[in-house]
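Reading through the structure tokens given below for one structure.
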């Protein structure tokens, strides 16, 4: 049994582990291609894949326009970090206005007064800041620009939020892997990636000042705290710029998108059942792989909502889960 | 026409040989026709899917430098500039090398071990897949360019128009060299000997007689190399910086028409975005088509004259 | 005076030759550097495991590229099946009917097709195969590569057959052999070295193509023999791994590059032996 999925690079390290383990356990091959959240949504809408992966939940308009009802199934939570390469690997603190001004191109040097003011113990060099962003349609970009739009009116007006935006400065790389890969070998570069990519590559991450004016380090704990919000039944929610005192401000869910009614492509029922079973496994036993890879597992409340959603996946009307 | 061996008493039209003959003729004719149909179908497909973008932006598509998926405003200017800059710079860089090779093989060492060695090397250069060029450029050229940029005090991106042009130039050396080499070796000896008999040195014969004589062939080679450079995707996309803004100079990051398609095609969710990308593909198709036709036309003219 | 000018011209002559030789051999430098780099970095990855194992999840050591190797072979075979016969047939027509209008336009179409960027072919294969089939597949990737192989095979066939002297054909026809048999049994075999060259060159060319596979074959983390499913390939693997931050993946990419380059160079070598051994001299 083969299943095909495509989408977000954000959860790719976790998915690649989960699907490898699942294949060894059950023999079901889940081929996931990390082409970006935009790609995940598009290919699901085109019905060329069995499921899509996205960190940007689909808007109400997009769901309206879809050929059939689409379900969002959250699989884990992750933190988007600002990572950089500087001599000496300093641990930096950044404020929301500083981040947006760096990405707007208004702050261009690492030893700019605004940065050295909040990082007095670090010896920042007189180097140019090289901004790195995504070149492909990315849910990570969506969550990051969503955060920037919330904390900077200027950003919201000039650039806005989206999976792909008109970046004022910087250069682009493909996927979370491409961005991390580029920053790692470029002194003076800064960019936004999912936490796991930075940690696995031993790259430093910045502590970010949240709405409660505390500098928070990204991690599974601070991410989970940020996710302690009331979750709507369809789980479509943005948790950036959280009010929680210890919450990390740039965090988000990542979802798997499927059509509610699985008979849409004329595919066999057993495929739909296999998909539902895999999703159940990912959100239950599979959750134990999240933390070692620097993601946060779903909270118990989130899992309850998720179970309801998975149970509502139907094939010709009846549920895919026995 | 041709003769058929008929067995006694069988009608000409039902003889299996005639049928086989007709089938054969029809098959090869249809095959040749199929290629024309294929090309026309490609053009039409690209055109049809570009219509939404053509209708939305019209001519302003070519002059607008905004590529903004959020507001669904698309303009191809940054990529047009990126493509033209990288291709022409690559041509400029490769020219001395391609000309040197073609003069080497076409004039100085027409036969022998050195000549076949160089010929082999040139063919191998053409045979290396572009992804490997890109991979190597990413790990070897980018740090070099970065060091250079740091030394002269500009922003050390490492990637950008210049780096893309450099790897592109290596890739197109064989294309310019091979045609040029052919024409140079075909220059009739009586023209050269007339020059020698007037007391010219080898160098003078080459620069004042051979090269001007072979001028059209060299131009054709350049055009074919240009065509190749315009359409190259992978090596360019790995080192050009992937920035959708208009490049300000050779050290800026940028994007080419081919690389923006590679980056964004699988993900464009809005149909206008996809249509704009396909319109870029249409533009790329037409531009490379024109350049190739002109190049091939020149070559045909030369071979007729020769 | 005249002597001084003469000496200058002689120096210019020598200098020019030196520059020509210098630049010619400088052109070799990139090739040598690339080959050296690939072999130096890639040879460490090459092992039995490398060829038979599947890739491991992100960040884990070990694993191999078996699915990419199999995928690349599948794609090349799918590409060749329609394009080789079609290409040879069209090449025969073009070489046998030089004055025909169809020949003119078909020849033009072949040239344009050959110069068409591979990313455009990828889009076409997406529109023509992926969308109607409702999914990505090895088949779609094969079609994209096949379209790219076609013009090279047509040209090689046309040029080879044009070089065969007409007397061979006339002799065969005079002996009473029907036209179609003359072509198939006499002319084609005489040109087999040139046609094989065309097939080998085009195979080598498409084996390394990445762009058209980005939205057709799509890639697969697992081994796949089903032609209607996505399939992995060496160039795609190299692209994904090279742009990643993981040194482990870079190592694998160098190894895969090694395999790809060896494959392409071997085809080139075979091509040379084919030309030498099978070439029919007239």
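What separates the Cα centres of the range A:210-245 and the range C:236-254 is a distance of 34 Å.
Under the simplified labelling scheme, the residue A:154-residue B:43 pair shows an inter-label distance of 5.1 nm, with each label point 7 Å from Cα along Cα→Cβ.
Computed from Cα positions, the angle between helix A:300-311 and the longest principal axis of chain A comes to roughly 40 degrees. Here, P(r) means the percent of Cα pairs in each 5 Å bin from 0 to the largest distance; for the range A:116-256 it is 2, 9, 16, 21, 23, 18, 8, 2, 1, 0. The overall shape of the protein assembly as shown is oblate: from the C-alpha gyration tensor, with semi-axes ordered a ≥ b ≥ c, the ratio a/c is 1.5 or greater and a/b is no larger than b/c.
For chain C, what relative contact order do you get, as a whole percent, if you take Cα pairs closer than 8 Å and at least 6 residues apart? Don't skip to the answer; put the middle values down first.
Numbers: 383 pairs, mean separation 74.5, N = 282.
The value is 26 percent.
If you plug the beta carbon distance of residue B:294 and residue C:97 into 1/(1 + (r/R0)^6) with R0 = 22 Å, you get a FRET efficiency near 0.30.
On alpha carbon coordinates alone, what is the Rg over Rh value for the range B:217-306, Rh being the Kirkwood radius? Walk me through the numbers before you get to the answer.
Details: Rg = 16.3 Å, Rh = 14.8 Å.
Looking at the range B:217-306, the ratio lands at 1.10.
The alpha carbon convex hull volume per residue for chain B rounds to 224 Å³.
Both numbers refer to the Cα atoms of the range A:231-322; Rg and Dmax are 15.3, 49 Å. Among A:1, C:149, C:196, sorting on how many other beta-carbon atoms sit within 10 Å of each Cβ, with the fewest leading, yields A:1, C:196, C:149.
May I ask you to sort B:27, A:177 by Cβ crowding, counting other Cβ atoms within 10 Å and putting the fewest first? Display every interim value, and only then the final one.
Details: B:27 17, A:177 25.
Going from sparsest to densest Cβ surroundings: B:27, A:177.
Here C:152, A:127 are placed in order of increasing Cβ neighbour count within 10 Å, fewest first, which gives A:127, C:152.
Can you compute the label reach from residue A:121? Point 7 Å from Cα along the Cβ direction, backbone N cut-off under 17 Å, restricted to the range A:167-207. Backbone N within reach: A:204-207. Each stretch of four or more DSSP H residues adds -39500 (n - 2.57); spread over every residue of chain B, this sum gives -22500 deg cm²/dmol at 222 nm.
Bridge orientation summary for the protein assembly as shown: considering DSSP beta bridges with both residues in this region, about 55 percent are antiparallel.
Note on chain A: Cα-only Rg and Dmax are 19.7, 64 Å.
How high is the FRET efficiency from residue C:6 to residue B:108, r the C-beta distance, R0 25 Å, rounded to 0.05? Calculated value: 0.70. The simple Förster model, with R0 at 41 Å and r as the Cβ-Cβ distance, assigns residue C:225 and residue B:207 a FRET efficiency of 0.10.
With an 8 Å Cα cut-off and a minimum separation of 6 or more residues, compute the relative contact order for chain B in percent.
Numbers: 398 pairs, mean separation 76.5, N = 306.
Answer for chain B is 25 percent.
Expressed to the nearest 5 percent, the antiparallel share of DSSP beta bridges inside the range A:79-226 is 55 percent.
May I ask what percent, to the nearest 5, of DSSP beta bridges between residues of chain A are antiparallel? Just about 55 percent of them are antiparallel. In this simple spin-label model, placing a label point 7 Å from the Cα along the Cα-to-Cβ direction at both residue C:19 and residue C:163 gives a separation of 3.5 nm. With each pseudo-label sitting 7 Å past Cα toward Cβ, what's the residue B:189-residue C:43 distance in nm, one decimal? Taking the simple label geometry, residue B:189 and residue C:43 are separated by 4.6 nm. The long axis of helix A:12-26 is offset from the longest Cα principal axis of chain A by roughly 30 degrees. Which value, in Å to one decimal place, does the Kirkwood hydrodynamic radius take for the range C:64-277 when every pair of different Cα atoms is included? Evaluated on the range C:64-277, it is 18.5 Å.
Values quoted throughout were computed directly from the atomic coordinates according to the rules given, and no laboratory measurement underlies them. None of these values were measured; they are calculated from a predicted model. All Cβ positions, even for glycine, are placed from backbone atoms using ideal geometry, and neighbour counts span all protein chains on display.
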